[in-house]
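The values are calculated or read from the model by the stated rules, or taken from the named source; none is laboratory data. Bear in mind that the values here come from a model prediction, so they are computed numbers and not experimental data. Every residue, glycine among them, receives a Cβ derived from its backbone with ideal geometry; neighbour counts consider all protein chains shown.
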Amino acid sequence: MPTPPSRQPAATLPLDTSLLKPGMRLAVGLSGGADSVALLCALAARSRELGLVLHAAHLHHGLRGEEADADLEFCRNLAARLQIPFHEARVDTAAEARANPVTGKPAESIEEAARRLRYAWFQQLLSKSPPHAEAQYAVVDALATAHTLDDQAETVLAKFLRGAWTEGLSGIHPRLESAERLILRPLLATTRAEVEAYLHAIGQPWREDSSNRHLSFTRNRIRHQLLPQLEQWNPQLRIHLANMATLARDEEAWWAAELDRLAPQLILRGRPVRGGGRASSQGVALDCTRLAALAPALQRRLLRRAAAELGAEPDFAATDALLNLALHGHAGQRLELAQSLLAERTPRELRLSTCLESLPESKGVQALQTPVPGQVDAPAFGLSLKVELTGSQPFAATGAVAILRNWRPGDRVRLRYTSGPRKVKEVLEHLRVTGSARALWPVLELGGRLIWMQGVEVEPEPGISITARPLGKAEPV
């Protein structure tokens, strides 16, 4: 533990209590580090005042060997001393981040895998219906993480270095809410110095993660090298970066509402037909004359909103190219951009679609049906797919029909150990799948959701098992 500061501060820790509601069942993500220990102790000291029912949650990532085991024991003992229910789980982060068996290339970094697994487990804690009857997960209303102002500054700087738009510069949000989860960050306006001063004042030790000093991780290089250098120019830089996040978050909230209002008027569906109206077809379009009359900020956002409806997220250069084509292009001019995005200029419109629709290989692929249980051979995909019933309980959809097809823009799939559905296009990017193979990548749909996708492990569908094999071979894909 670092040497205590010379001054002795009051034993209080600044918390954003506006995020907390009386009666809330709140689980604190407890790593054993200073930030999470301080958050748990501060909330425990005020739990009666705030009307909170506290829990502590620790995920062992399967990294750092005995050091991680000691972290778990430390957290378990701290929760016991505070008389707070403790929940723990173990995952194999390294195995999750290993090379993908289909491409042989890494699907994600250790940092990305650890974060995904952590939030997936948090999601289980928040679930009203635990995935396994034997799991002893508490039902909680929300989960609190101990992100601080320093974390916010590091995140905003990292996003800036990657070329983020203003939504990226909004950094870590104090509250993330969806139908499935509620994540709170009560320490987001609190500095790491205040955290450590509080722990010294109450005599509470904490654990130091040795990996936080490894400069192989981008976050650590920003924390230990870049930020200290930049603070020689401006000692208030962390506060300025945190303020930038607040400004960007508020700006984006306003723009989101404005786009919700304007997009239905300006983003057109289908193709125009003679005599008026529009024929139903895939893709979207924008009227170039109307687009030219708008402010550049709105032009860019409308283009990105239109692309997002096709499952694409163009970067600044791609958005600028789209805008240039819309304002200065000529009829018949086309652009093929990343993420399978295709743009075509007509005399009046800029039409956006996906390259997937124009690839000749994809036109010959038809959706193939198989009953549940059942089997389907798909020469176009070069595989045979078998759907079987498992378990003692009858599968609710027995007799239903599953559809084997190539993926489509907008498809989402729930991978195993993830907190929520992910865009298929993003999964394919992680797999480094490109060209015609990307266009023909197979998925299996049942009841409007994807229950299988080639090359990844999908969240198991209760009561059924899916096996894919190359045609004419016995080995699974």
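Some points to look at:
- Within segment 204-244, the residues that satisfy the criterion of being of a type in the set (A, V, I, L, M, F, W, C) and either within 29 Å of Arg175 (Cβ to Cβ) or at pLDDT 90 or above (or both) are Trp206, Phe217, Ile222, Leu226, Leu227, Leu230, Trp233, Leu237, Ile239, Leu241, Ala242, Met244.
- Residue in segment 159-192 that is nearest to Thr17 (Cα to Cα), counting only those that are hydrophobic (A, V, I, L, M, F, W, C) and in contact with a Lys or Arg (Cβ under 7 Å, 6 or more places away or on another chain): Leu184
- Test: residue in segment 256-267 that is surrounded by 14 or more Cβ atoms within 10 Å (Cβ to Cβ), outside any loop (DSSP other than H, G, I, E, B), of a type in the set (A, V, I, L, M, F, W, C) and touching a Lys or Arg at 6+ places or on another chain (Cβ under 6 Å): yes
- Scanning segment 151-166 for residues that are surrounded by fewer than 21 Cβ atoms within 10 Å (Cβ to Cβ) and of a type in the set (Val, Ile, Thr) yields a count of 1.
- Taking the criterion of being part of a loop (DSSP other than H, G, I, E, B) and modelled with pLDDT under 95, the residues of segment 177-188 that qualify are Ser178, Ala179, Glu180, Arg181.
- Screening segment 23-103 for helices (runs of 4 or more DSSP H) wholly inside it with 1 or more residues that are hydrophobic (A, V, I, L, M, F, W, C) and either buried (at least 23 other Cβ atoms within 10 Å of the Cβ) or assigned by TED's automatic domain parsing to the domain that holds Arg416 (or both) returns the ranges 34-50, 65-81.
- Exactly one residue among Leu125, Leu143 is modelled with pLDDT under 90, touching a strand residue (DSSP E or B) at 6+ places or on another chain (Cβ under 7 Å) and either assigned by TED's automatic domain parsing to the domain that holds Gly33 or not in a helix (DSSP H, G or I) (or both), and that residue is Leu125.
- Given (1) more than 30 Å from Glu309 (Cα to Cα); (2) at pLDDT 95 or above, index of the condition Leu247 fails: (1)
- Highlighted here are the strands (runs of 3 or more DSSP E) found entirely within segment 342-399 that include at least 3 residues which are modelled with pLDDT of 85 or more and not assigned by TED's automatic domain parsing to the domain that holds Ile451: 349-354.
- Restricting segment 268-315 to residues that are among the basic types (Lys, Arg) and either out of contact with any helix residue (DSSP H, G or I) (no Cβ under 8 Å at 6 or more places or on another chain) or in a loop (DSSP other than H, G, I, E, B) (or both), the residue that is modelled with the highest pLDDT: Arg269
- Qualifying residue in segment 148-162 (condition: under 19 Å from Leu43 (Cα atoms) and modelled with pLDDT of 95 or more): yes
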